[in-house]
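Structure first, commentary second.
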Amino acid sequence: MTSYKSSLPEPRSPNAARGPAGAGLDRLCCCYLLALVVVLFGASFLGSYRLTPAAVWDAFWQPDGGRAYADWFDLRFRRLFFAGAVGGILGLCGTVFQALLRNPLAEPYILGISGAASLGSMAVRFLLPAGSALFAEGWLTIGPLAGALAGTALLLAVARWGGLYDPPSLILAGAVLTAIFGALGLLFYTLAPERQVVATLLWLMGNINAEAMVGTPHLRNLLLLLAAGGVGFFAFARHLDLLSLGEEEAADLGVSPRALRVALLIAASLLTGAVVAAAGPIGFAGLVVPHIVRTLHGPGHDRLVPLSILGGAIFLMLCDTAARTCFAPHQLPIGVVTALVGGPFFLFLLGTRRRGALSVA
Amino acid sequence: METMLEARSLSVLRGAAETCSGVNLRVRRGGCHGIIGPNGSGKSTLLLGLRGLLPTRGDLAVAGIAPRSAGRARMARLVAVMPQRMEFAFPFTVEEMVLLGRSPHRRPWEAFRAEDRARARALIERLGLAPVAGMRVDAVSGGERRKVFLARALAQDTPLLFLDEPTAGLDPAVQEELVALIEELRQSEGRTVVVVLHDVRLARRLCERVTALRAGVELAEGVPERVLAPDLLEALFGVRWVEFSAAGRTPVLLPAAAEEKRS
């Protein structure tokens, strides 16, 4: 077999761009899991009032469980666990959407799915308010899920009608749908009672609320969805890699890009709808986490999928801790914290991409 | 003589419009068929149609199979493509990019095996990419990037190779490397090559037969001596061509303006 020498001088400068060092995936997952456990337990002792590990430990052994233990477990630990599950799903969805749209600036909400889910939630709260004859708590989950599915169906219909399956067109269609759903949401604000408007506005800022949301059914369902989504997307990690190369390249390497994109879009949208149903629309987590993981560990989705789940969990637990402690005893909506972190990060990303483009020119 | 690719009265459709029509070609196993024409003549569109990514009218068979009905997974084990545009949203390393060429040989949930990695590394060595194997694809030179995409296509281990302007933007030394490699792939591995080219000289050197396209229509198909004659090239490109001969050398065709500048 003939070898061909490169026509360029070798070796290359050590300053040339090298891919991220290849630590094994199992080792990386262990590191992230360790960090997650440290954050989970460490942050559970941070809050508006002092709870020490010793006090919680003593209370745990009391016959009735003790107040300290109950406060720690119900108000903090379960809430952080819930935030981690939400963050894991957001990280996973962000990873998938960025591969689908071939754009590292994409996030779960850019296609209008969260806007649709939010609209579904508002429709339920307005049309079937608590206390009405038809109200059932299940509607508060079904509303956002149905909204997310309807938003996905509408997006796919718009894409099919215009032949707009390419990522820039999908993003544009999503932005337009977000605006439309937002306008319809304003309609509810106008017609709904003031009490409902306030509650809805708070929900729209993201809600990791131990008392209202951390019920066993919500957390269990979220964990089941996270497990199913994580296993499913991990199994198709290489297809995500191929899809990120472009439609023709993916097809040349054995993938049906359009069918795959639709299937992944539906799966990721359902996950997004479920997390919006559980915790309201929380922005930027799905943008920041996959981007950081990709920068640290490379773009291969066999790493991105599991590490974005773990990274998303850590990120949102940290944001929830900041929401609970920065202005204690007041608690910020978690969406405010993720926006304050993610917004500048998004601008930074835009700036670095623009500078990169200018330097190439 | 086994026919690997055959098209008769082939038209390629984009939506309802025929962007390429009246194409007839037959490529034997181990052969090399060139597609030549000016910018926008439909060369890349024809390649899309030949591998089933665009709908077609007329008869088309790739290794005896109709591409549109074969399924993408099967086509990816028959035809590998070195694309003209080297686009990627995320910067894989050179080794990762080449390894992705093994994807058609693995189920979606199946990890790459040791033999896949060995094959990728062997191709990286063969194309002189070993010094940059760990580098991001967006950080290597244009010539090296072309080699990366060629290595990825070769990693698919397909009997057919479609090369879309493989030498575009490359310096002469790298062009010669790629041309020599293509010739070796045909002769030692029996691969069948369909190559889109602008360079008349390379077309004459590489190809057994050539299809000339102009404005989406086949102008001529046949051996290079006939299709790449000065009069036909003038009809194809809209400039006059002059044959330049040096003692003991293969004659070279140059656009007349370049020839006048030389003299």
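The values are calculated or read from the model by the stated rules, or taken from the named source; none is laboratory data. A quick note: this is a predicted structure, and the numbers were derived from the prediction, not measured. Cβ atoms come from the backbone with ideal geometry, glycine included; neighbour counts cover every protein chain shown. What goes into the accessible areas is simple: the full protein's heavy atoms, side chains included, and nothing from ligands, DNA or RNA. Shrake-Rupley method; radii C 1.70, N 1.55, O 1.52, S 1.80 Å.
Residues that are more than 11 Å from every other protein chain (Cβ to nearest Cβ) and assigned to a helix (DSSP H, G or I) were ranked within region B:188-202; the one that is surrounded by the most Cβ atoms within 10 Å (Cβ to Cβ) is B:Val200. Among the residues of region B:163-175, is there at least one that is facing chain A (nearest Cβ under 9 Å) and at pLDDT 90 or above? Looking through region B:163-175, none of the residues is facing chain A (nearest Cβ under 9 Å) and at pLDDT 90 or above.
Count of region A:291-308 residues, restricted to those that are open to solvent by less than 30 Å² (accessible area, probe 1.4 Å) and either out of contact with any helix residue (DSSP H, G or I) (no Cβ under 8 Å at 6 or more places or on another chain) or among the hydrophobic types (A, V, I, L, M, F, W, C) (or both), is 4.
When the test is whether a residue is closer than 28 Å to A:Gly120 by Cα and surrounded by fewer than 20 Cβ atoms within 10 Å (Cβ to Cβ), A:Leu271 does not pass it.
Within region B:51-102, being without any contact (Cβ under 8 Å) to a residue 40 or more places away in the chain, under 27 Å from B:Glu115 (Cα atoms) and not in a loop (DSSP other than H, G, I, E, B) holds for B:Ala70, B:Arg72, B:Ala73, B:Arg74, B:Met75, B:Glu95, B:Glu96.
Filtered by the rule that a residue be open to solvent by 30 Å² or more (accessible area, probe 1.4 Å) and within 11 Å of chain A (Cβ to nearest Cβ), region B:64-78 gives B:Gly71, B:Arg72, B:Ala73, B:Arg74, B:Arg77. Here region B:121-136 is the region considered, the condition is being in a helix (DSSP H, G or I) and at the interface with chain A (Cβ under 9 Å from one of its Cβ atoms), and the residue that is most open to solvent (accessible area, probe 1.4 Å) is B:Glu125. Among residues that are surrounded by fewer than 24 Cβ atoms within 10 Å (Cβ to Cβ) and at pLDDT below 90, A:Val276 is not included.
Return the only residue of B:Val217, B:Val223, B:Val252, B:Val200 being closer than 22 Å to B:Met1 by Cα and in contact (Cβ under 8 Å) with a residue 12 or more places away in the chain.
One residue alone meets the criteria, B:Val223.
Screening A:Ser308 against (1) modelled with pLDDT of 90 or more; (2) out of contact with any His (no Cβ under 8 Å at 6 or more places or on another chain); (3) farther than 17 Å from A:Leu225 by Cα; (4) assigned to a helix (DSSP H, G or I) leaves a single unmet condition, (3).
Taking every residue in region A:53-79 that is under 16 Å from A:Asp320 (Cβ atoms) and pairing it with any residue that is polar (S, T, N, Q) and modelled with pLDDT of 70 or more, at least 6 positions away or on another chain, the pairs with Cβ-Cβ distances below 7 Å are A:Trp72/A:Ser44; A:Arg76/A:Ser44; A:Phe77/A:Ser44.
Is it the case that B:Gly40 is more than 11 Å from every other protein chain (Cβ to nearest Cβ) and small (Gly, Ala, Ser)? Give the derivation first.
Working: more than 11 Å from every other protein chain (Cβ to nearest Cβ): yes; small (Gly, Ala, Ser): yes.
When the stated conditions are applied, B:Gly40 passes them.
Determine, yes or no, whether B:Val81 is open to solvent by less than 30 Å² (accessible area, probe 1.4 Å) and within 13 Å of another protein chain (Cβ to nearest Cβ).
Numbers: open to solvent by less than 30 Å² (accessible area, probe 1.4 Å): yes; within 13 Å of another protein chain (Cβ to nearest Cβ): yes.
Spelling it out, B:Val81 is indeed open to solvent by less than 30 Å² (accessible area, probe 1.4 Å) and within 13 Å of another protein chain (Cβ to nearest Cβ).
Just one of (1) open to solvent by 30 Å² or more (accessible area, probe 1.4 Å); (2) part of a helix (DSSP H, G or I) fails for A:Ala328. It is (2).
With respect to B:Ala118, is the statement that it is on the phi < 0 side of the Ramachandran plot, open to solvent by 50 Å² or more (accessible area, probe 1.4 Å) and at pLDDT 95 or above true? Spell out how you get there, then give the answer.
Working: on the phi < 0 side of the Ramachandran plot: yes; open to solvent by 50 Å² or more (accessible area, probe 1.4 Å): yes; at pLDDT 95 or above: yes.
Yes; evaluated as a whole, the condition is true for this residue.
Within region A:102-111, identify whether any single residue is surrounded by fewer than 19 Cβ atoms within 10 Å (Cβ to Cβ) and touching a residue at least 60 places away in the same chain (Cβ under 8 Å), and answer yes or no. Before the answer, list the steps.
Kept after step one, since they are surrounded by fewer than 19 Cβ atoms within 10 Å (Cβ to Cβ), are these residues of region A:102-111: A:103, A:105.
Cutting the leftovers down to touching a residue at least 60 places away in the same chain (Cβ under 8 Å) gives us A:103, A:105.
Among the residues of region A:102-111, at least one is surrounded by fewer than 19 Cβ atoms within 10 Å (Cβ to Cβ) and touching a residue at least 60 places away in the same chain (Cβ under 8 Å), which makes the answer yes.
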